[in-house]
1. Which of A:PRO264, A:PRO292, A:PRO254 moves the most in a Gaussian network model of chain A with Cα springs under 10 Å?
2. Pulled fully out, how much extra length does the chain show between A:VAL28 and A:LEU11, if you take 0.36 nm times their separation in residues and subtract their Cα-Cα distance?
3. May I ask you to list the lysines whose Cα is less than 26 Å away from that of A:LYS241, ignoring any residue fewer than eight positions away on the same chain?
4. Less than 18 Å from a label point 7 Å out along the Cα-to-Cβ axis of A:VAL207: which backbone N atoms in the stretch A:27-50 qualify, by residue?
5. Grab the eigenvalues of the alpha-carbon gyration tensor for the stretch B:2-74, scale each by 5, take roots, and send me the semi-axes largest first in whole angstrom.
6. How high is the relative contact order of the stretch A:3-72? Use alpha-carbon pairs under 8 Å, at least six apart in sequence, and give a whole percent.
7. So what is the relative contact order of chain A, in percent, for Cα pairs below 8 Å that sit 6 or more residues apart?
8. Give, to the nearest whole percent, the P(r) tail of chain A beyond 37 angstrom, counting all Cα pairs.
Amino acid sequence: MSIFGWLNDQLLRMEWLSDLVTAGVLAVGLDPGSRLGGSVQFFVYDVVKIFILLSVLIFCISYVQSFFPPERTRRILGGRSGIGANMLAALLGTITPFCSCSSIPIFIGFTAAGLPLAITFSFLISSPLVDLASVILLASIFSWPIALAYVAVGLVVAVAGGTLIGRAGMEDQVAGFVRGVPVQDGDHAMAPAERLAFARAQVGEIVRRVWPYVLVGVGIGAAIHNWVPAGIVSALLGQDKWWSVPAATLIGIPMYADIFGTLPIAEALVGKGVGLGTVLAFMMAVTALSLPSIIMLKRVVRTPLLALFLAVVTAGILAIGVLFNAITHWFI
Amino acid sequence: MIIKILGSGCRKCVALADNARAAAAAAGKPAEIVKVTDFAQIAAYGVMSTPGLVIDEKLVASGRVLNAEEIGKLL
């Protein structure tokens, strides 16, 4: 086996941890092949793996992100237009530090500075959808081809969605006060020590925020993995069912959860024969749209623009789901 | 002294408000902590990543939860 393959298996997929947990399950007298033993193995291994990866990843990624505060992103994007600017906005969306409570201030800051809606929405769609940490977790749980395909289609949705919203000519559908907001460039360059402090604080903050989602997500994943018969799962969400992608998307949209919590559920569902497209559609719907973020967005944009945003993102997710279900066999 | 915490009320804003209160107490300075949750007002300070920290109408930090020691130096 190649060095890269070995590193990938041990560091990213953590096969050593899987073996260790299996040994631990045996040591307490459970059979990892049994239902109970298998559930315990899945739960312990996934929880430990996700928290290790989460901590290491968030630290490294936050350090990189500290070089790209939203103010800098806004300066980079200022004065640009066209499809190239949408692509740049979508790419910057993946590395700008983001939490859902910042999406509205960013929307106001970008719009007030005169960035076109097309660019602002490309950024706002890609930012939660294609997060660096989630990409590496996808590679860990599934594989690199799936993770890279996820990034590619996520960016396509962001670029296409932003472009469509720009074409609709809804610049007047923004709440009046937004354009009157003064534009200030308040950021200062962080010192290396500040970047480290920022990265450490991000780890603590994100782990504290997502741990309940991870535990619930892995719990549901473990239950599906060992207790729900594959026949029931595939009868409800199987690849041959035309409604599987729309159902997964509609269930996912109002949910407010973290991608780290949805990944273990996705893993278990794919193991039961649910199409990759259905699972990706579910994860994208959960992360890109949620009821709290829609309610917040309503305060800065008028209903037609909000409806267009929801329609465009939903359509993009549906298209990706159907596409990936058609080509699942390329990956698995 | 008036310390304003800018943010929609997420966990980070609560933590920052607590740190600010502790910093003011440690410095022995009477301070009024005001939470600003209205997006229009937050944006008026030019803040794009919450939480923001404003001391006597001057924006001193945004996007990061400063600890009490760091805030103490800014008071």
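1. Among A:PRO264, A:PRO292, A:PRO254, the largest mean-square fluctuation in the Gaussian network model of chain A belongs to A:PRO292.
2. Details: separation 17, 0.36 × 17 = 6.12 nm, distance 2.61 nm.
Residue separation times 0.36 nm, minus the Cα-Cα distance, leaves 3.5 nm.
3. A:LYS272
4. Under 18 Å, as judged by backbone N against the label point of A:VAL207, lie A:44-50 of the stretch A:27-50.
5. Semi-axis lengths for the stretch B:2-74 are 19, 12, 10 Å.
6. The value is 23 percent.
7. Working: 450 pairs, mean separation 63.2, N = 332.
Relative contact order comes out at 19 percent.
8. Distances greater than 37 Å cover 20 percent of the Cα pairs.
The values are calculated or read from the model by the stated rules, or taken from the named source; none is laboratory data. Owing to the predicted nature of the structure, the values given are computational and were not obtained by experimental measurement. When we count neighbours, we look across all protein chains shown, and the Cβ atoms used for this are built from the backbone with ideal geometry, even at glycine. For accessibility, only protein heavy atoms count, side chains too; no ligands or nucleic acids. Shrake-Rupley method; radii C 1.70, N 1.55, O 1.52, S 1.80 Å.
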